[in-house]
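Q: To start, I am sharing the structure in question, which I have written as structure tokens.
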Amino acid sequence: MSDILPTELLYEIFSHLDIVALKQTRRTNRRNNYVCRPLLFAQLRFKFDAYGAGLWLQSRVRLLETLRSGSVDSPAKFVKNLDLVTPFEAPWDSYYSFVLARYPDTLKDSFNGSIPYFTSLKHVQWKITNGASAYVFQTAKLMAEHCPIESFALENFAECPPCFADIQFPHLQSLTLSGNYSLELVSTVCALHPHLRRLSVTSSHYEELNFEFLPEDCEIEALVVGGALAIVDLPVHRLKNLQLLTVDSAAPSHNEGIWSKLEQADVRLQELRLPEISEDLLHYLASYSGLEVLDLTIARDSTVPGTIFWMHVLPRHERTLQRLALNNQSEADDWYISKQSLQVLKECRHLSHITDICSCNNEASTNTIMYDILDAIPSWPCLVSLSLSCRPREMPPAIHPEKTIGPVLRDSAGHYIQVVEEAAVSGKVSHSLSVTAQ
């Protein structure tokens, strides 16, 4: 069969195999070996931990030599994703400190000598620990000179030396920084890369961000903030291309004026994930159309009316919305699905994922609403998964932790659907209805 199929089709088929299956497949014939080689070396994980460097240093050096071998067809040219961990300093008072002290230059030089061969390297995920500052700068500089890196994720960014921020990656489009936040380093890096399309910043320490460090001509389309960082303002005039905004932060935010600024600047987000809502946010979402992904959390003490969302926000995006998630912790009735809001939801015919939507808040209408939703499944021909929850205020008398409440059904796409109702026995009772295409 492999002799008949085109090489491109074989490559697509083999790309779904795991590493063990790829090794077995490449041994069958020369053509399969030719197709599997790029897939085998596409992902490289290199960890320079103290124990590994002491026990397997020679084997790792030989691996690097193998990657460089072959003047034309070296395996290194197939590496597209590099996962690198560089804590070169071993724990004090250990045998490994003595062993590692004998070989650090050999290992570092061997790895740096391999970098010019990574001519297809596009994605780098790098974890830095124990302050390997000088080596970090040297390695990153070689990567910038020889590798067409498009995506760079750096963990423990504050461990980098100040001169690291002066390195420019000509092809960089996505930058992810985590660890202790350093405004000076982030500002310098962003200034050198005005063509960034995606910026993700996470910190374990509380900081307030206004993103004024972004260059005037920045092209950022996706902005992700997490950890203990809090957005207090956005320079909307510098974010004309913004399409995705994700806030995954536990820190309280003070961003009441952001949504009106986005509305005035006619910035239309296509993906939005937020841990809290406000009326200003809902009014902004109701001001335009085109949202594709929406993930919101409604706090327990929220006073924002749910009717604004169901009757004004959702209809505006019914032609484009593909993923909807509502983590409803509120006791307000208007955030639960009713027959009226279900009619609005049915008009969103491109939905593929519906997650964490509360179906109702009392046991009497639980089954009615759930079966109404099942009847609505043909309205969503692209549906892949549906997860609903119900939080009745009182414990129903005859509910088991796991109970099938419906037969195996078939939706309009021919997928088998299994309906499962679960209830927690202790604490606040929570029923959930999960419907997954199999």
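Q: Hey, any hits in segment 230-246 for a residue that's open to solvent by 50 Å² or more (accessible area, probe 1.4 Å) and either acidic (Asp, Glu) or touching a helix residue (DSSP H, G or I) at 6+ places or on another chain (Cβ under 6 Å) (or both)? It would help to see each step written out before you state the result.
A: So in segment 230-246, the residues open to solvent by 50 Å² or more (accessible area, probe 1.4 Å) come out as 237, 240-241, 243.
The next check asks that each one be either acidic (Asp, Glu) or touching a helix residue (DSSP H, G or I) at 6+ places or on another chain (Cβ under 6 Å) (or both); those that pass are none.
Scanning segment 230-246, I find no residue that is open to solvent by 50 Å² or more (accessible area, probe 1.4 Å) and either acidic (Asp, Glu) or touching a helix residue (DSSP H, G or I) at 6+ places or on another chain (Cβ under 6 Å) (or both), so the answer is no.
Q: May I ask you to list the residues in segment 39-51 that are open to solvent by 60 Å² or more (accessible area, probe 1.4 Å) and either in contact with a Lys or Arg (Cβ under 8 Å, 6 or more places away or on another chain) or of a type outside the set (D, E, K, R) (or both)?
A: Applying the first criterion (open to solvent by 60 Å² or more (accessible area, probe 1.4 Å)) to segment 39-51 yields 43, 45, 47, 51.
Residues satisfying the conditions are GLN43, TYR51.
Q: State whether the residues of segment 256-263 include one that is closer than 29 Å to LEU172 by Cα, without any contact (Cβ under 8 Å) to a residue 24 or more places away in the chain and open to solvent by 40 Å² or more (accessible area, probe 1.4 Å).
A: No, the conditions are met nowhere in segment 256-263.
Q: If you check SER204, SER200, which single one turns out to be open to solvent by less than 50 Å² (accessible area, probe 1.4 Å), among the polar types (S, T, N, Q) and part of a strand (DSSP E or B)?
A: Details: SER204 fails: open to solvent by less than 50 Å² (accessible area, probe 1.4 Å).
Unique residue meeting the criteria: SER200.
Q: Considering only segment 293-316, state which residues are more than 19 Å from LEU386 (Cα to Cα) and not β-branched (Val, Ile, Thr).
A: Those that are more than 19 Å from LEU386 (Cα to Cα) and not β-branched (Val, Ile, Thr): ALA299, ARG300, ASP301, SER302, PRO305, GLY306, PHE309, MET311, HIS312, PRO315, ARG316.
Q: Can you find a residue that is touching a helix residue (DSSP H, G or I) at 6+ places or on another chain (Cβ under 7 Å), assigned to a loop (DSSP other than H, G, I, E, B) and over 18 Å from LYS127 (Cα atoms) anywhere in segment 149-167?
A: no
Q: Within segment 281-290, can one find any residue that is at positive phi and open to solvent by less than 40 Å² (accessible area, probe 1.4 Å)? Working first, answer last.
A: Residues of segment 281-290 that are at positive phi, as a first pass: 290.
Filter again for open to solvent by less than 40 Å² (accessible area, probe 1.4 Å), leaving 290.
Within segment 281-290, one or more residues are at positive phi and open to solvent by less than 40 Å² (accessible area, probe 1.4 Å).
Q: Turning to a different aspect of this structure: Mind checking which residues of segment 321-340 are among the small types (Gly, Ala, Ser) and either modelled with pLDDT of 90 or more or closer than 25 Å to ASP248 by Cα (or both)? First the steps, then the outcome.
A: Initial filter on segment 321-340 (among the small types (Gly, Ala, Ser)): 325, 330, 332, 338.
The answer is ALA325, SER330, ALA332.
Residue-by-condition table, conditions (1) modelled with pLDDT of 75 or more; (2) under 19 Å from ASN180 (Cα atoms); (3) surrounded by fewer than 15 Cβ atoms within 10 Å (Cβ to Cβ):
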position: PRO91; (1), (2), (3): no, no, yes
position: ALA101; (1), (2), (3): no, no, yes
position: PHE111; (1), (2), (3): yes, no, no
position: PHE118; (1), (2), (3): yes, no, no
position: HIS123; (1), (2), (3): yes, no, no
position: ALA132; (1), (2), (3): no, yes, no
position: GLU150; (1), (2), (3): yes, no, no
position: ASN156; (1), (2), (3): yes, yes, no
position: CYS163; (1), (2), (3): yes, yes, yes
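Q: Also: Output the qualifying pairs, or none if there are none: Cβ atoms under 7 angstrom, residues six or more apart or on different chains, first residue in segment 267-283 and in a helix (DSSP H, G or I), second residue open to solvent by 60 Å² or more (accessible area, probe 1.4 Å) and not aliphatic (A, V, I, L, M).
A: ASP280/GLU256
Q: Would you be able to tell me the number of residues in segment 373-382 that are open to solvent by 10 Å² or more (accessible area, probe 1.4 Å) and in a loop (DSSP other than H, G, I, E, B)?
A: Qualifying residue count, segment 373-382: 2.
Q: Go through segment 279-304 and give me each residue that's under 21 Å from the mean Cα position of the chain (by Cα) and among the hydroxyl-bearing types (Ser, Thr, Tyr).
A: Result: THR297, single match.
Q: OK, next. Does GLU145 satisfy the condition of being open to solvent by 40 Å² or more (accessible area, probe 1.4 Å) and closer than 24 Å to LYS80 by Cα? Explain how you work it out, then say what you get.
A: Working: open to solvent by 40 Å² or more (accessible area, probe 1.4 Å): yes; closer than 24 Å to LYS80 by Cα: yes.
Yes: the conditions hold for GLU145.
Q: OK, next. Taking segment 215-229 on its own, how many of its residues are open to solvent by less than 30 Å² (accessible area, probe 1.4 Å) and in a loop (DSSP other than H, G, I, E, B)?
A: 3
Q: Looking at (1) open to solvent by 20 Å² or more (accessible area, probe 1.4 Å); (2) in a helix (DSSP H, G or I); (3) at pLDDT 70 or above, which one does CYS36 not meet, given that it meets all the others?
A: Going through the list (1) open to solvent by 20 Å² or more (accessible area, probe 1.4 Å); (2) in a helix (DSSP H, G or I); (3) at pLDDT 70 or above, CYS36 breaks only (1).
Q: Follow-up. Do you know which of the residues in segment 306-335 that are open to solvent by less than 10 Å² (accessible area, probe 1.4 Å) and assigned to a loop (DSSP other than H, G, I, E, B) is nearest to MET370 (Cα to Cα)? Even if it seems obvious, please write down each step before you answer.
A: If we filter segment 306-335 for residues that are open to solvent by less than 10 Å² (accessible area, probe 1.4 Å), which is where we start, we get 306, 309-310, 313-314, 317, 321, 324, 326, 328, 330, 335.
Then keep just the ones that are assigned to a loop (DSSP other than H, G, I, E, B); that gives 321, 330.
Working: LEU321: 22, SER330: 20 Å.
This residue is SER330.
Q: Sticking with this structure for a sec: Given (1) at pLDDT below 90; (2) surrounded by 17 or more Cβ atoms within 10 Å (Cβ to Cβ), identify the lone condition not met by ILE19.
A: (2)
Q: Also: Show the residue pairs that are 6+ apart or on different chains and have beta-carbon atoms under 8 Å apart, the first residue being within segment 187-212 and on the phi > 0 side of the Ramachandran plot, the second being surrounded by fewer than 17 Cβ atoms within 10 Å (Cβ to Cβ).
A: PHE211/ASP233; PHE211/PRO235
Q: Out of GLU184, GLU212, report the one residue that is open to solvent by 60 Å² or more (accessible area, probe 1.4 Å), farther than 19 Å from LYS127 by Cα and in a helix (DSSP H, G or I).
A: Details: GLU212 fails: in a helix (DSSP H, G or I).
After applying the criteria, what remains is GLU184.
The values are calculated or read from the model by the stated rules, or taken from the named source; none is laboratory data. What you see is a predicted model, and the numbers here were worked out from it, not measured in a lab. Glycine also receives a Cβ, built like all others from the backbone with ideal geometry; neighbour counts cover every protein chain displayed. Note: areas computed on protein heavy atoms with side chains; ligands, DNA, RNA excluded. Shrake-Rupley method; radii C 1.70, N 1.55, O 1.52, S 1.80 Å.
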